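Peer 1: Encoded as C-alpha cells, here's the structure I'll be asking about.
Throughout, read-outs are computed from the coordinates displayed, never taken from laboratory work. Just so it is clear, the structure is predicted and the values come from calculations on it, not from any experiment. Using ideal geometry, Cβ is built from the backbone for each residue, glycine included, and neighbour counts are taken over all protein chains shown.
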Amino acid sequence: MRIGASILDSGTSPASTIVPAIRLHLSNHQSQISCTNSLYSCAEYPRIEYPPRYLKAKGSSVSIEGWGKAPPSTPLTLWQSIKANLDLWLVDHGFLRSLYSNRFCLPGALYRSNQPSVARIHRYKRDLGLKTIINLRGYNPTQGRYQLEAKACEEAGITLINTRVHSRGLPTADQINELKTLIDDFETPALTHCKSGADRAGIFAVLYCHFRLGQPIDEAKEQLHWTYGHFRSAKTGILDHFFESYIRYRDAWKHQHPAATEPTFLEWVNSDYDRDIMEHEFKPRGFANFWVDWVLRRE
C-alpha cells in the first residue's frame, strides 16, 4: 500500500536554490522525492525511512496526507510577527489562555491543553522534555497562532503533527482509523491541543486512552467532562453521543449474543457506525449552545 506525507525541512541553513515544495512518498518503507507546483525555499533533503502513515522528523511540521500539507519553514518579518501575535493574543483569545492552560497529564506522558503560546512551548520543552505536539486544529498557514506555533516547534526541536478534528461534528470511520494509527505511533512526551483544550482534545484523549492505554470506552469517555470545559448539552455533546452510541450497541449485542465475543469499538466504527444518522439523532439544548458558540466561540 502506498503511503504519503508532506514535510519541509526545518534546518536553519540557507537554501542554495529555490525548488518546488517537496512531497515525500513512502512505499515499502523506501523514500522517493517528487515535487508539487508551489515554490518554497528549501535545503537538500536526506533519505528518510519510516514505518507507517506519517513522518517523524525532529523539529519538523508533519501532516497526515489528505489533511493538509506541512508549512514552509520561513522566518517571519517584523510586521508578520506583529500580526501573528495580534492574531494569537486577541483574535484567538490567547489573552484568556494566558490565565489558564487547561493542561492535564494522561498516563504514558501525553498532555492535553488549550492552544499553547510560544513561551509555553519552549517551557514545555525545557520542563517536560516534550518531543511531539499534535495540533488538532489543522494546518492553517495564514493564521498567526499557527505560524508562531510552527516556528516555536522548529526552534525547540519538537515534531509538530497537524490534523483536523471537529468539536461539533462526528469523525468519519476513515478519520478514526487514521487517528488510531497516529495514536499507536507518536513519540512521547507529547502534547495534544485544540483551541480550548476541552472538546477536540477530549475526543483525542478518549481515543488515546482506549487505543494506546487499553481502557474500555466506558472509562475513557470521562476525558469528555465538564471539568475540562466540555459541555455535553451543547452541540459539542455530539462527541458524547458518539461514544455512548457504541456502548448501547455493544450492550445490546451482549444481551442478544451472551456467548459471543462482543464487538470492539473499532469493529463497530468500521461496520455498523452510521455518521449521518447519528448526527441527525443528536439534539443540543438551548443556553449551552449560546454559551459555547457566542461566548466561548468554540470552533
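Peer 1: Rounded if a/c is under 1.5, else prolate if a/b is larger than b/c, else oblate: which is the stretch 78-295, with a ≥ b ≥ c the root eigenvalues of its Cα gyration tensor?
Peer 2: The shape class here is prolate.
Peer 1: Set the bar at 32 Å for Cα to Cα. Now go through 83/125; 180/283; 195/254; 131/283; 131/221 and name every pair that lies beyond it.
Peer 2: Numbers: 83/125 25 Å; 180/283 28 Å; 195/254 38 Å; 131/283 40 Å; 131/221 26 Å.
Those over the limit are 195/254; 131/283.
Peer 1: Let me ask you something else. Can you give me the relative contact order of the stretch 148-255 as a percent, contacts being Cα pairs under 8 Å and 6 or more apart?
Peer 2: Values: 86 pairs, mean separation 26.9, N = 108.
Here the relative contact order equals 25 percent.
Peer 1: With +1 on the Cβ of every Lys and Arg and -1 on the Cβ of every Asp and Glu, and nothing else charged, how large is the dipole of the stretch 148-222 about its Cα centre, in debye rounded to the nearest 20? Display every interim value, and only then the final one.
Peer 2: Working: 8 positive and 12 negative charges, 59 e Å.
For this selection, approximately 280 debye.
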